[in-house]
Each structure stands twice: as C-alpha cells, then as structure tokens.
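K.L.:
Quick one: the structure is below, questions incoming.
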Amino acid sequence: YARVPMESLMVAGHPTLLVSTAVSTDFSAYSSAVRMEHTRANIGGAAGALIVQAERLGVDPASVSYGDVRQELQSRGYKVGLLN
C-alpha cells in the first residue's frame with residue numbers, strides 16, 4: 001500500500017492547481033520504475049476525483065474531505081483502503 005497525503009497534490013499558493021505526476025521517492029522505492037507505476041496511476045485518479053468533488057461541492061480542492069474523494073474513487077471502481 002502507498003499512502004500519499006492529499007495535500008501533496010496541491011500546489012502551494014495556488015487554490016485550484018493540482019499536480020499528479022511529480023512524485024518523489026527514495027532510491028529503494030524508485031529502483032524499479034514499474035513498481036511505481038500503479039502508485040502514479042492511482043495518484044492521478046485521486047487528483048481527478050478531488051477536482052470532480054471540488055467542482056460538485058463548489059469549493060477549492062483543499063476543502064474536499066478524504067471521504068468525498070474515497071467515495072468518488074470507489075464509485076469509479078477503485079479499491080480504496082481506509083487509513084487507520
């Protein structure tokens with residue numbers, strides 16, 4: 001499992017710009033590009049779900065809850081675990 005804070009998708013100082021492709025990791029996680037592709041794809045899906053929910057709610061992405069993003073992802077077939 002990869003846990004990526006939702007705030008890592010948000011650009012500092014810009015209320016609506018999301019960045020889903022700039023993922024930095026340490027060498028041990030990045031030693032295999034293939035190993036990271038599913039994580040990058042899921043981050044992109046989360047960014048999409050975040051912006052869809054922000055638009056539906058009429059708020060900035062920073063105001064969208066994890067639950068709203070999780071619900072959007074699950075409605076699109078993503079298998080999303082709960083944070084403990």
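K.L.:
Taking the stretch 1-34 as the search range and keeping residues that are β-branched (Val, Ile, Thr) and modelled with pLDDT of 80 or more, which one is most open to solvent (accessible area, probe 1.4 Å)?
P.N.:
Top of the filtered list is 16.
K.L.:
So which of 40, 56 is surrounded by fewer than 18 Cβ atoms within 10 Å (Cβ to Cβ), at pLDDT below 90 and of a type in the set (Lys, Arg)?
P.N.:
40
K.L.:
Just to be sure I understand the filter: pairs with C-beta atoms under 8 Å, separated by 6 or more residues or on different chains, first member in the stretch 31-46 and within 21 Å of residue 7 (Cβ to Cβ), second member modelled with pLDDT under 80 and in a helix (DSSP H, G or I). Which pairs pass?
P.N.:
Between residues of the stretch 31-46 that are within 21 Å of residue 7 (Cβ to Cβ) and residues that are modelled with pLDDT under 80 and in a helix (DSSP H, G or I), the close pairs are 36/29; 36/30.
K.L.:
Answer with yes or no whether residue 81 is over 23 Å from residue 13 (Cβ atoms), open to solvent by 20 Å² or more (accessible area, probe 1.4 Å), in contact (Cβ under 8 Å) with a residue 60 or more places away in the chain and not in a helix (DSSP H, G or I).
P.N.:
yes
The values are calculated or read from the model by the stated rules, or taken from the named source; none is laboratory data. The structure displayed is predicted, hence computed values, not measured ones. We place every Cβ from the backbone using ideal geometry, glycine too, and count neighbours over all the protein chains shown. The protein model used for the area step is the full one, side chains on, heavy atoms only, and it has no ligands, DNA or RNA in it. Shrake-Rupley method; radii C 1.70, N 1.55, O 1.52, S 1.80 Å.
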